[in-house]
Structures are given as C-alpha cells and as structure tokens.
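Engineer: Structure incoming, see below.
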Amino acid sequence: MKEVNPETTTRAYAFKMWMNAPMPMVTFFKTLNVSNLIKISRNRKLKFNMLMCYCIGMAASKIKEFYMLPIENKLMEYDSIAVNTIVANSVGEVSSCDIPFCNNLQQFNNDYLYLTKQVAQSCTDHDLSHRSMVIGTSALAQYEIDGAVGMYSGIFNNPFMIWGKYKRTWFKTTLTVSFQFHHTQMDGAHASQFLNYIQEEINKISYNPL
C-alpha cells in the first residue's frame, strides 16, 4: 500500500468532510437472493460462506473506491483486496483469517480451505492488512437476524459485512446482509452499486473445476 494525496483523487471532498467526523460510518441493508449459491454449494460440495466471500470479492474488485482506505488521517491506496472471515479455532474461540482475492473461483476456494484450516489449527490470525484492502465479514449462520450495525472503534475503517441464517421460501432462498463503510472511502452510490454487483455475481456464478 502507499499513501496518496486525497486532493488528487475522487475522494478529496469526502476526505475533508468525513475524515475527522465523530461517526463517519454508514450502514446499508440489502436482502439478496442466494438460491443459486445454495444450488452450487450442494451440487459442487462447496462451502456457502466461501462462495459468499468470493462474490463479495468479485463485486468489490469492480469498484475503484475499494482499493483506497482512510488510515490514521491518511488516504492509502492498495493494489489488491482481500476478504476476511471469522474462523472457529481449535480451542473453542474465534480467529481472523484474511483470504487474498483471486477472480479464479477454484484458486480462491483452495486458498480459503487451506488458510481457514491453518488458522483454525494454529489459533493464529492470518493478517493481510499491510498489503491488501481487507473487507471484513462475519457470518452468524446459525442465527436468524434481520440486520446488524457494526461498531465503529475509531481504529479500523475497513468496510464490513454481516449476515445471519438464510431464509427459505417456496420459490427462493434469501439472505439479509448489512454493509458498513467509511464515508471517506466511498459514497452511498458506490455502496449501493457494490451490493447490486454482489447479487449479479451470485446469479451468474458457476464452478467447473479443471
């Protein structure tokens, strides 16, 4: 990552307005149709959470604002992104695991399985924040929740997604997600487009291993 002058970016006005705001985080909610992910997960024996993380990475990679992040009153630019997932570890607690994003689903799945297993066994976080812009996620898959608003610590400004248990109906399966982002990093239009891109990626995803 490298520091950039906010005045030379599209985030110049937002940096002035929101960098020192007492509460610069915004949270959006969206209900996604995840029927296709359920089908792919079952047919290909792939983890649903991995598929969600992949679609999040694919969607974020299309929006240039995801490659910038405000850190300690500076605007930092990254060449890559990663998707974080929370892992249940071997001592009954949780650890954090950053998965480098790759648009090849088979490679992303391999990285996901390897790194989450390593983190679970070692109880040591896998942190890529020094080199990638990390999108945080938290899947409360066993609980039925309608939404969640993340905590703003004033330390971590990374975008963050939370979801609970998906809901089945006769014709589709839906999942409500919350997306928290720092207003310096992006505007509401960028966040809305990101959530729309996630739905597009969910709809078109397929898995054909070599």
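The values are calculated or read from the model by the stated rules, or taken from the named source; none is laboratory data. Bear in mind that the values here come from a model prediction, so they are computed numbers and not experimental data. As a convention, Cβ positions derive from the backbone with ideal geometry for all residues, glycine included, and neighbour counts pool all protein chains shown. Calculation scope for accessible area: heavy atoms of the full protein, side chains included, ligands and nucleic acids excluded. Shrake-Rupley method; radii C 1.70, N 1.55, O 1.52, S 1.80 Å.
Engineer: I'd like the full set of residues that are touching a residue at least 60 places away in the same chain (Cβ under 8 Å) and under 11 Å from SER178 (Cβ atoms), limited to the stretch 135-158.
Structural biologist: THR137, GLY147, VAL149, GLY150
Engineer: Could you tell me which numbered condition ALA59 fails, if it satisfies all but one of (1) more than 14 Å from HIS182 (Cβ to Cβ); (2) at pLDDT below 95?
Structural biologist: If we test ALA59 against (1) more than 14 Å from HIS182 (Cβ to Cβ); (2) at pLDDT below 95, just (2) comes out false.
Engineer: Taking the stated definitions as given, is ILE205 in contact with a Cys (Cβ under 7 Å, 6 or more places away or on another chain), open to solvent by less than 60 Å² (accessible area, probe 1.4 Å) and modelled with pLDDT under 95?
Structural biologist: On the way: in contact with a Cys (Cβ under 7 Å, 6 or more places away or on another chain): yes; open to solvent by less than 60 Å² (accessible area, probe 1.4 Å): yes; modelled with pLDDT under 95: yes.
Yes.
Engineer: Determine the pairs where a residue that is without any contact (Cβ under 8 Å) to a residue 60 or more places away in the chain, located within the stretch 165-190, has a partner that is open to solvent by less than 30 Å² (accessible area, probe 1.4 Å) and not in a loop (DSSP other than H, G, I, E, B) with Cβ atoms under 8 Å apart, the partner being 6 or more residues away or on another chain.
Structural biologist: LYS167/THR173; LYS167/THR174; LYS167/LEU175
Engineer: Next up: Find the residue count for the stretch 19-43, including only residues that are open to solvent by 50 Å² or more (accessible area, probe 1.4 Å) and more than 22 Å from the chain's Cα centre (by Cα). Break it down stepwise before answering.
Structural biologist: First, the residues of the stretch 19-43 that are open to solvent by 50 Å² or more (accessible area, probe 1.4 Å): 20, 22-23, 28-31, 33, 39, 42-43.
Narrowing the set further to residues that are more than 22 Å from the chain's Cα centre (by Cα) leaves 20, 22, 42-43.
Going through the stretch 19-43 one residue at a time, the tally reaches 4.
Engineer: Another question about this same structure. Given the condition β-branched (Val, Ile, Thr), touching a Cys at 6+ places or on another chain (Cβ under 6 Å) and in contact (Cβ under 8 Å) with a residue 40 or more places away in the chain, answer yes or no: does some residue in the stretch 69-88 qualify?
Structural biologist: In the first step, residues of the stretch 69-88 are kept if they are β-branched (Val, Ile, Thr); the result is 71, 81, 83, 85-87.
Going one step further and asking which of them are touching a Cys at 6+ places or on another chain (Cβ under 6 Å), we end up with 83, 85, 87.
From the residues that got through so far, the ones that are in contact (Cβ under 8 Å) with a residue 40 or more places away in the chain too are 83, 85.
Looking through the stretch 69-88, at least one residue is β-branched (Val, Ile, Thr), touching a Cys at 6+ places or on another chain (Cβ under 6 Å) and in contact (Cβ under 8 Å) with a residue 40 or more places away in the chain.
Engineer: Condition (residue is open to solvent by 60 Å² or more (accessible area, probe 1.4 Å), modelled with pLDDT under 95, closer than 26 Å to PRO22 by Cα and of a type in the set (Val, Ile, Thr)) applied to the stretch 140-149: is it met by at least one residue?
Structural biologist: Taking every residue of the stretch 140-149 in turn, at least one turns out to be open to solvent by 60 Å² or more (accessible area, probe 1.4 Å), modelled with pLDDT under 95, closer than 26 Å to PRO22 by Cα and of a type in the set (Val, Ile, Thr).
Engineer: Mind telling me which of the residues PHE108, PHE28, PHE66 ends up being assigned to a helix (DSSP H, G or I), aromatic (Phe, Trp, Tyr) and within 22 Å of ILE155 (Cα to Cα)? Lay out the reasoning, then the answer.
Structural biologist: Details: PHE108 fails: within 22 Å of ILE155 (Cα to Cα); PHE28 fails: assigned to a helix (DSSP H, G or I).
Checking each option against the conditions leaves just PHE66.
Engineer: Quick check: anything in the stretch 113-123 within 15 Å of CYS53 (Cα to Cα), outside any helix (DSSP H, G or I) and among the hydrophobic types (A, V, I, L, M, F, W, C)?
Structural biologist: No, the conditions are met nowhere in the stretch 113-123.
Engineer: With respect to THR124, determine if the residue is buried (at least 19 other Cβ atoms within 10 Å of the Cβ) and at pLDDT 95 or above.
Structural biologist: Values: buried (at least 19 other Cβ atoms within 10 Å of the Cβ): no; at pLDDT 95 or above: yes.
Spelling it out, it is not the case that THR124 is buried (at least 19 other Cβ atoms within 10 Å of the Cβ) and at pLDDT 95 or above.
Engineer: Just to verify a result, which residue in the stretch 89-102, among those that are among the aliphatic types (A, V, I, L, M) and open to solvent by 80 Å² or more (accessible area, probe 1.4 Å), is farthest from LEU128 (Cα to Cα)? Lay out the reasoning, then the answer.
Structural biologist: Step one: list which residues in the stretch 89-102 are among the aliphatic types (A, V, I, L, M), which gives 91, 94, 99.
With the extra rule that they be open to solvent by 80 Å² or more (accessible area, probe 1.4 Å), the set shrinks to 91, 94.
Details: VAL91: 23, VAL94: 17 Å.
Taking the candidates together, the pick is VAL91.
Engineer: Just a yes or no: is a residue in the stretch 103-115 among the charged types (D, E, K, R) and either in contact with a strand residue (DSSP E or B) (Cβ under 7 Å, 6 or more places away or on another chain) or surrounded by 19 or more Cβ atoms within 10 Å (Cβ to Cβ) (or both)? Reasoning before the result, please.
Structural biologist: Just the residues of the stretch 103-115 that are among the charged types (D, E, K, R), to begin with: 111.
Applying the additional criterion that residues be either in contact with a strand residue (DSSP E or B) (Cβ under 7 Å, 6 or more places away or on another chain) or surrounded by 19 or more Cβ atoms within 10 Å (Cβ to Cβ) (or both) yields 111.
Yes: one or more hits.
Engineer: Would it be correct to say that TYR197 is open to solvent by 30 Å² or more (accessible area, probe 1.4 Å) and assigned to a loop (DSSP other than H, G, I, E, B)? Give the derivation first.
Structural biologist: Numbers: open to solvent by 30 Å² or more (accessible area, probe 1.4 Å): yes; assigned to a loop (DSSP other than H, G, I, E, B): no.
So TYR197 does not fit the description; no.
Engineer: What tally of residues in the stretch 157-188 results from selecting those that are open to solvent by 50 Å² or more (accessible area, probe 1.4 Å) and more than 14 Å from the chain's Cα centre (by Cα)?
Structural biologist: Kept after step one, since they are open to solvent by 50 Å² or more (accessible area, probe 1.4 Å), are these residues of the stretch 157-188: 160, 165-172, 187.
From what's left, more than 14 Å from the chain's Cα centre (by Cα): 165-172, 187.
Total meeting the criteria: 9.
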